[in-house]
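Down below is the structure, laid out as structure tokens.
The values are calculated or read from the model by the stated rules, or taken from the named source; none is laboratory data. Bear in mind the structure is a predicted one, so any value in this text is a computation, not a measurement. Here the Cβ positions follow ideal geometry from the backbone for every residue, glycine too, while neighbour counts run over all protein chains shown. Only protein heavy atoms, including side chains, enter the accessible area calculation; ligands, DNA and RNA are left aside. Shrake-Rupley method; radii C 1.70, N 1.55, O 1.52, S 1.80 Å.
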Amino acid sequence: MTDLLNIENLHLEFDTYDGLVKVLAGVDLSMRRGDVLGLVGETGCGKSMTALSVPRLIPMPPGRITAGRVRFNGEDILNKSESDMEAFRARHLGMIFQDPVTNLNPLFTIREQLVDAVLYQRAGGKKVPGRWRGFAASARQLRKEAHERAVELMRLTGIPDGDKRIYDYPHQFSGGMRQRVLIAMALAGDPDLLIADEPTTALDVTIQAQILRLIRSLVSQLGLTVLLITHNLGVVARSCERVAVMYAGRVIEEAPVRELFRNPKHPYTRGLIAAVPQKEVTRGGLAGIPGMIPNLIDPPSGCRFHPRCQHTMAVCRQTVPTPVPVGEQHTTACYLYEAEG
Amino acid sequence: MSALLEVANLKKYFPVRGGLLNRRLDDFRAVDDVSFALQHGKTLGLVGESGSGKTTIGKCILRLLEPTAGSIRYAGADITHIKARDLRRLRSDIQMIYQAPAASLNGRMTVGQIIGEPLWIHESLKGNAARDRVLELMHVVGLKEEHYYRYPHEFSGGQQQRIGIARALAVQPRLLVLDEPTSALDVSVQAQILNLLQDLQDRFDLTYLFISHDLGVVRYMCDEVALLYLGKIVEVAATDVIFEQPKHPYTQALISAIPEPDPDVQREEIILTGDLTLATGGGCPFAPRCHAQKLSQCETLPPPLLTIEPRHAVACHLHVDA
Ligand SMILES: Nc1ncnc2c1ncn2[C@@H]1O[C@H](COP(=O)(O)OP(=O)(O)OP(=O)(O)O)[C@@H](O)[C@H]1O
Ligand SMILES: Nc1ncnc2c1ncn2[C@@H]1O[C@H](COP(=O)(O)OP(=O)(O)OP(=O)(O)O)[C@@H](O)[C@H]1O
Ligand code: SF4
Ligand code: SF4
Ligand SMILES: [Mg+2]
Ligand SMILES: [Mg+2]
């Protein structure tokens, strides 16, 4: 079976006033149909940029992809024309962005935004309904169908009284309900892949639990493939089947969820898990990771974690470790394991 | 054992204005009859969802907001209506640390000036004596001497929070109100700051009122926890009691919703419906979302906060017998 998504050795730089920021430095990530993959890591490690490389929404310039490939269903995305890309996004991708300004428009009703999303997806990424059949009536028919689909999407995402509430404005919805609307919009075109960037971060814990349950039920009902980005390891443990951990622009460990939490290998992953105040941890027992995330204008040589690692060896400073298998479907990029052979 | 801080029947209402003349139409009860006691040297957690009134309670204690009713006693003295000239004294005893480290630091001042300013205001300390104290404080919170002449924007979020803590410690407070001190930070940095706060507490004999919506952090930091719902305390008890035997349906739901970073934690997840909305009709404020077997009085009578066991109080009609 070929991968649905395959990101290979992706390098991304940003040209800034202070210098060239090496944001992604060889990201490898692949997903199969039906996967629910969590992408975790701390602020600035490149989670959003990795995700945005798939719909090709990284601002370029100042961004520049200097190496690597992104393939979807075996097809190279980075070489597509912009108009092919529009159609590709509409047909295959559903997205929930982290950045709130790209989300719901306060000036339009939910209906206007949701119906637009449905029409946009149906038209393959063009603003005008594409399946024009020569009758003005058919455009009206299309809108009517889109309206029905919009109400159906609201039901699917657990918004009560969708047929009435569809005429409301975003401010009339609570934070949790707005998040459901965003999920509904992302699902408008039956996407092959749903990319959800921090979908619960701004929500209270009881609402977060509702949204995570919704995502899980959509996965089992629709067989959705989900790339879930979060900095919260608890969210990953509750919602994902596989996890990829990023540090400073690279995926440094990847494993099935249970394996990652039971048997973390990379010193950074271990540090990250130990830094979460869990049940058993008693006063004074919480371990932080010393130091802080590196400056990506002048990133550390070799393994980018080496200045904070307690096992640093000479080789760690010299060359970049490549991922090696350390268990069932479990890989990590760290010399501690290559040494073991 | 006497309490360092005693809050009794605290209320803070904000006016709801509207209409043509912007008249006061109604009161919004941000804090509605809250009582608790904080023992010297201990940490009390104030937990609740966004808008439940946590920050408002903190600000009333610091007298940054004027309480509508109730009393606040600090070290045995009533400070509810303390005069302006006594406020300075109080403000050096009680300090507040805020959530967004960057927003609470003056960007035009150097780290040295930021930490030194309260020394000047409260003790008229300046020159080398002030500089030595600042450097000592910087050392205590894990900042380096070379940071003295730098500006806040040159620091990471975690270091900015260290600057804020050093500034708060400058006046040798006894009580710190920590308002979501780590919620803007990454977990590895959060762990550093939580450990720093514990060290400082032991070292300087500090008492903490720890505001947070992160139950994992609260479990790690607090001796006692009070849960707020729409401006009211619904349950208060020792931390292990709250986490092991929560009694209030809201507490039970919150505990069950903690996303534990452990896929093997199998828990009956209680998913609440809806969100923080005001109940109409004067019953239990939690009634619209309550998942328990409700009683008829749930919709009509507000449940009082009753002590059901020593040091364990619950406001729920299902828990009335002592
Ligand atoms: N337009 C830009 N110009 C310069 N640098 C940028 C730009 N956009 C992103 N970056 C940098 O790229 C890096 C990765 O950003 P990204 O948004 O992918 O991080 P993230 O892992 O999603 O973090 P967060 O958890 O904070 O969302 C960051 O260091 C960021 O500062
Ligand atoms: N100055 C004010 N005027 C009117 N209403 C206010 C004022 N300050 C706070 N409120 C309201 O009081 C309620 C409690 O606010 P508060 O900031 O104490 O909540 P919180 O528990 O700290 O929430 P969060 O977790 O979002 O910080 C909110 O509904 C808020 O909108
Ligand atoms: S490669 Fe070396 S520096 Fe990097 S995590 Fe492994 S041991 Fe540490
Ligand atoms: S008083 Fe009734 S409605 Fe309120 S929490 Fe208890 S059982 Fe639920
Ligand atoms: Mg991001
Ligand atoms: Mg607050």
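Here's the yes/no breakdown for (1) on the phi > 0 side of the Ramachandran plot; (2) modelled with pLDDT under 90; (3) under 15 Å from the mean Cα position of the chain (by Cα):
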site	(1), (2), (3)
A:TRP132	no, yes, no
A:ARG140	no, yes, no
A:LEU156	no, yes, no
A:GLY176	no, yes, no
A:ALA184	no, no, no
A:ALA196	no, no, yes
A:GLN208	no, yes, no
A:LEU227	no, no, yes
Selected residue (criterion: surrounded by the fewest Cβ atoms within 10 Å (Cβ to Cβ)) from residues of region B:238-271 that are at the interface with chain A (Cβ under 10 Å from one of its Cβ atoms), assigned to a loop (DSSP other than H, G, I, E, B) and in contact (Cβ under 8 Å) with a residue 12 or more places away in the chain: B:GLU269
Single residue of region A:178-206 satisfying the filter (facing chain B (nearest Cβ under 10 Å) and open to solvent by less than 10 Å² (accessible area, probe 1.4 Å)) that is farthest from A:CYS240 (Cα to Cα): A:THR206
Among the candidates A:ARG33, A:ARG71, residue that is part of a loop (DSSP other than H, G, I, E, B) and over 14 Å from the mean Cα position of the chain (by Cα): A:ARG33
Yes/no for B:GLN161 being within 10 Å of chain A (Cβ to nearest Cβ), in a helix (DSSP H, G or I) and either touching a residue at least 12 places away in the same chain (Cβ under 8 Å) or among the small types (Gly, Ala, Ser) (or both): no
Residue among A:VAL315, A:VAL326 that is more than 16 Å from ligand 5 (Cβ to nearest atom), farther than 25 Å from A:ARG262 by Cβ and either at pLDDT below 95 or not hydroxyl-bearing (Ser, Thr, Tyr) (or both): A:VAL315
Contacts under 8 angstrom Cβ, first residue in region A:211-239 being free of Cβ contacts under 8 Å to residues at least 60 places away in the same chain and more than 9 Å from chain B (Cβ to nearest Cβ), partner open to solvent by 10 Å² or more (accessible area, probe 1.4 Å) and within 16 Å of ligand 2 (Cβ to nearest atom), 6 or more apart: A:ILE211/A:LEU203
Extreme residue, farthest from the chain's Cα centre (by Cα), among residues of region B:10-53 that are acidic (Asp, Glu) and more than 8 Å from ligand 2 (Cβ to nearest atom): B:ASP26
Where a residue in region A:262-287 is facing chain B (nearest Cβ under 7 Å) and assigned to a loop (DSSP other than H, G, I, E, B) and its partner, wherever it lies, is within 16 Å of ligand 6 (Cβ to nearest atom) and among the aliphatic types (A, V, I, L, M), with Cβ under 6 Å and at least six apart: A:PRO277/B:VAL217
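For every residue, the table says whether it meets (1) open to solvent by 10 Å² or more (accessible area, probe 1.4 Å); (2) more than 13 Å from ligand 1 (Cβ to nearest atom); (3) among the charged types (D, E, K, R); (4) within 26 Å of A:ASN295 (Cβ to Cβ).
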| site | (1), (2), (3), (4) |
| --- | --- |
| A:ASN9 | yes, yes, no, yes |
| A:LEU12 | no, no, no, yes |
| A:VAL23 | yes, no, no, yes |
| A:THR50 | no, no, no, yes |
| A:SER53 | no, no, no, yes |
| A:ARG91 | yes, yes, yes, no |
| A:ASP99 | yes, no, yes, yes |
| A:THR109 | yes, yes, no, no |
| A:VAL115 | no, yes, no, no |
